[in-house]
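A.B. asks: Below: one structure in C-alpha cells.
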Amino acid sequence: FSGRRLNVTLTSDPARTGIANQRPNLVLDNPYGDKSYTNYLNRAAFAEPALGTLGNLERNGIVGPGTKVVDLALVRLFRFGSHRIEARAEAFNVFNWVNLNQPNTSQNSANFGRITTAGAPRVMQTIAERAADGGYVVNISSAGEGGPDTDAWSGHVSAVLRAAEPAGAAAGDL
C-alpha cells in the first residue's frame, strides 16, 4: 500500500508575494515523526523561510499513511419457476483494518503532524433482489457493523420498496 502525496504549508506569507499556502524549508533529512497518529510528522523538520524567500520543500514532498482494504461479496442466484432471486452478502474492509486519514499539514496549527480522523470501519450488508416479469427489481437490504438496528432496518426496506415500485403498482403486488 502507498499513501497520498501531501504538501506541508504555512499560513503566513514569508516571501511577501501574497501567494497562499507557501511551503516551509525542510531542515532535517527525515520529515516524519514516529508515524503514529499523534506524531506522524516531525515539527522540528520544518522551518519558516527567511523573509522574502520561498521554502525549499518540494511540492507533494511528503507521503501520507497508506491504506489497505479487502472487500468481499458472496452472491447466489435462486430460481423459482420464471422468477429469480439474487441473494448477496457484502463486506467492505473485511479485516477491519484501521486506515488513518491524512495528517494536519499546516505548520502553524497546534495539530500539525497529527492524524485526527480515520477511514470507515468494516461495513457489512445483505441484499435480496427479485426480478419480476415486468422487469422491475425489489431490493431488500440491511447494512451496518454488528447488525442493523431493527427500526432503522425496517425504515430502510420500506424506502427501497417505495422507490422500486413501478407506477400504479401497490406494495402487495410485489
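The values are calculated or read from the model by the stated rules, or taken from the named source; none is laboratory data. Just so we're clear, the structure is a prediction, and the values are computed from it rather than from any experiment. No Cβ is skipped: glycine too gets one built from the backbone with ideal geometry, and neighbour counts run over all protein chains shown. Just the protein is used for accessible areas: all its heavy atoms, side chains included, with ligands, DNA and RNA removed. Shrake-Rupley method; radii C 1.70, N 1.55, O 1.52, S 1.80 Å.
A.B. asks: Kindly indicate the residue of region 93-119 that is open to solvent by 70 Å² or more (accessible area, probe 1.4 Å) and under 21 Å from the mean Cα position of the chain (by Cα) and also farthest from Q22 (Cα to Cα) among those meeting that condition.
C.D. replies: F95
A.B. asks: Within region 72-92, is even one residue outside any strand (DSSP E or B), exposed (fewer than 11 other Cβ atoms within 10 Å of the Cβ) and modelled with pLDDT of 90 or more?
C.D. replies: So far as region 72-92 goes, no, none of its residues is outside any strand (DSSP E or B), exposed (fewer than 11 other Cβ atoms within 10 Å of the Cβ) and modelled with pLDDT of 90 or more.
A.B. asks: Taking the residues in region 106-131 that are touching a Ser or Thr at 6+ places or on another chain (Cβ under 9 Å) and small (G, A, S) as candidates, determine which candidate is nearest to N93 (Cα to Cα).
C.D. replies: Selected residue: G119.
A.B. asks: Could you list all residues from region 3-19 that are β-branched (V, I, T), in a loop (DSSP other than H, G, I, E, B) and surrounded by 13 or more Cβ atoms within 10 Å (Cβ to Cβ)?
C.D. replies: Passing the criteria: only V8.
A.B. asks: Among the residues of region 35-71, write down those that are farther than 30 Å from M124 by Cα and open to solvent by 90 Å² or more (accessible area, probe 1.4 Å).
C.D. replies: Correct list: R43, E48, L51, L54, N56, E58, R59.
A.B. asks: Could you figure out which of (1) in contact (Cβ under 8 Å) with a residue 40 or more places away in the chain; (2) among the polar types (S, T, N, Q); (3) open to solvent by less than 60 Å² (accessible area, probe 1.4 Å) isn't true of Q22?
C.D. replies: Here Q22 clears every test but (1).
A.B. asks: Of the conditions (1) within 30 Å of K68 (Cα to Cα); (2) surrounded by 11 or more Cβ atoms within 10 Å (Cβ to Cβ); (3) over 22 Å from the mean Cα position of the chain (by Cα); (4) without any contact (Cβ under 8 Å) to a residue 40 or more places away in the chain, D29 fails just one. Which one is it?
C.D. replies: Evaluating D29 over (1) within 30 Å of K68 (Cα to Cα); (2) surrounded by 11 or more Cβ atoms within 10 Å (Cβ to Cβ); (3) over 22 Å from the mean Cα position of the chain (by Cα); (4) without any contact (Cβ under 8 Å) to a residue 40 or more places away in the chain leaves (2) as the failure.
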